[in-house]
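Below is one structure, written out as structure tokens; comments come after it.
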Amino acid sequence: GGYVNAPPRIDEPGIKYLRTTRDLEEGMVITVEPGVYFGDALIEKAYANPEQAKFMNKEKIEQFRGMGGVRIEDGVAVTADGIELLSHNVPRTVEEIEEFMNRSN
């Protein structure tokens, strides 16, 4: 698990949902999962908070609101001197993803 012999989770925005705090060791495999999600409840809460709303581009948010979100995951293997990317063949750009999706139909 991600919290073996580790301090308790930190209950702060942006980090409270981290899946691990453990030290990674050579030979471990882990996913890296950056993403953006457009959940109405969280968007409305942030709009109502002046400390958060000042960083939000409402025009852009409204453009994508309702589409859910997107996440592109990478699988990585921890090596002695860094990581080895295991998902280097995964499409990443809009064009690559659309081409892949069109081939699947």
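Shape analysis of the chain yields a ratio of the Cα radius of gyration to the Kirkwood radius, Rg/Rh, of 1.05.
How large a share of the accessible area of the chain, in percent, is made up of carbon and sulfur atoms when the probe is 1.4 Å and the other protein chains stay in place? Reported share for carbon and sulfur atoms: 55 percent. Per residue, how many Å² of accessible area does the chain show with a 1.4 Å probe? Per residue, the chain has 82 Å² of solvent-accessible surface. In summary, the aspartates and glutamates within cross-link reach of LYS54, defined as a Cα separation below 16 angstrom excluding same-chain residues under 8 places away, comprise GLU44, GLU62. For a paramagnetic label modelled on GLU33 (point 7 Å from Cα along Cα→Cβ), amide N atoms under 19 Å away belong, within the stretch 47-78, to 68-78. Take every pair of alpha-carbon atoms less than 8 Å apart whose residues are at least six positions apart; their mean separation over the length of the stretch 40-105 yields a relative contact order of 16 percent.
Treating the beta-carbon of each Lys and Arg as +1 and of each Asp and Glu as -1, no other charges, what is the dipole magnitude of the chain about its Cα centre, to the nearest 20 debye?
Working: 12 positive and 19 negative charges, 95 e Å.
In debye, rounded to 20, the chain gives about 460.
If the chain linking ARG92 and GLU51 were pulled fully straight, counting 0.36 nm for each residue of separation and taking away their Cα-Cα distance, it would gain 11.5 nm.
The values are calculated or read from the model by the stated rules, or taken from the named source; none is laboratory data. The structure displayed is predicted, hence computed values, not measured ones. Backbone-built Cβ (ideal geometry, glycine too); neighbour counts: all protein chains shown. Just the protein is used for accessible areas: all its heavy atoms, side chains included, with ligands, DNA and RNA removed. Shrake-Rupley method; radii C 1.70, N 1.55, O 1.52, S 1.80 Å.
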